[in-house]
Each structure stands twice: as structure tokens, then as C-alpha cells.
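What follows is a short report on a single structure.
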Amino acid sequence: MQAIHVLNGPNLNLLGTREPQIYGSETLADIETRLVAKAKALGLTLECRQSNHEGDLVDWIQEAGRADAGVILNAGAYTHTSVALRDAISGSGAHVIEVHLSNVHARESFRHRSLISPVARGVILGFGSLSYDLAVDALVALAAKKKS
Ligand code: DQA
């Protein structure tokens, strides 16, 4: 793993004002600033991107696969619908940790199914914005294990 790419999908640009009782009051910029600092302290580079468009996410997953970057992906609602994102992960060989702020299994049944989970390295959900921090820790631990 050369670097970590944090990819956020639709509506995650609204964090801070979007249903704060579910997603918390931190903005995406707050979370990204914290993750960049955490990665820097660990000697890693971490790049953050967000898009409301499925094709952007497909392109970025493919790019991370080519670059051998670890991916932290919150695909938002595309998690539950997108064959294209699933195929991008399996086709590019990108190492993806799927994350969600909320515990999707405690919510509406349409959120219980993820098309991403079967092709993800692992899934972290339900810890609010801490889910992203835990995903960084997981990628770092996996990379260290691979090296040893
Ligand atoms: C989410 C959960 C999804 O069901 C939802 O569509 C989102 C956010 C989460 O982080 O909890 O946009 O991925």
C-alpha cells in the first residue's frame, strides 16, 4: 500500500447538516482534516475525494487499484444499488474497506443489503465518523501484516 484514498459517495458532502441525529454534526471537511493528520503522523499519504456521481467513484476505484492504494469507501446509497462500483472493485483489484457512519443493519431493510461487502476486504460501520479512523487503522495493520 503506497497511499490511502478516502472516497465518499452521494450526499456525504452534506455531512454536518444532513440528518445529524443519524450522521452526527461533523462536516466532511472536519473528518477529512482529522484523517489527513492521522495519516501524516503514521507517515502515510491520504487523499480525500467526494462525488455525487457513480462514474466518478468507478474511475477513482480503478485509479486506486492501478496505484495499489488502500481505499476507504463510503459509497452512501450506491452501496445498496451499484453493480458498477462492485465490478470496479473486483475488476481493478483495489483493496477496499467499506465504511458507514450509521449502523445500516439497525435501519430500513433496503440498507441491509450491500453490493460492495462481498468484494471488500472488510466492513466497518456504526461508529459515526470514527468508522473512518478505524478503517485507516485496519489498512495500516493489514499492510504491516503483509510486510512481515
Ligand atoms: C451511509 C448509509 C447509507 O445507507 C446512506 O445511503 C448514506 C450514508 C452511512 O455512512 O451510514 O448515504 O453510507
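So the values come out like this:
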item: Accessible area in square angstrom per residue, segment 10-148, 1.4 angstrom probe; result: 50 Å²
item: Carbon plus sulfur fraction of accessible area for segment 3-147, probe 1.4 Å, in percent; result: 54 percent
item: The chain: radius of gyration and largest Cα-Cα distance (Dmax), Å; result: 14.2, 43
item: For segment 23-37 and segment 85-103, distance of Cα centres in Å; result: 20 Å
item: Contact order normalised by residue count of segment 25-145, Cα under 8 Å, 6+ apart, percent; result: 23 percent
item: Whole-angstrom gap from segment 123-148 to segment 38-52, using each part's C-alpha centre; result: 13 Å
item: Under 14 Å, Cβ to Cβ, from Thr17 - net charge with Lys/Arg +1 and Asp/Glu -1; result: -2
item: MRE, 222 nm, helices only [DSSP H, n ≥ 4, -39500 (n - 2.57), over the chain, to nearest 500]; result: -12500 deg cm²/dmol
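The values are calculated or read from the model by the stated rules, or taken from the named source; none is laboratory data. In this text the structure is predicted, and so the values were computed from the model without any measurement. In this analysis, Cβ positions are derived from the backbone assuming ideal geometry, glycine residues included, and neighbour counts consider all displayed protein chains. The accessibility values were calculated without ligands, DNA or RNA, using every heavy atom of the protein model including side chains. Shrake-Rupley method; radii C 1.70, N 1.55, O 1.52, S 1.80 Å.
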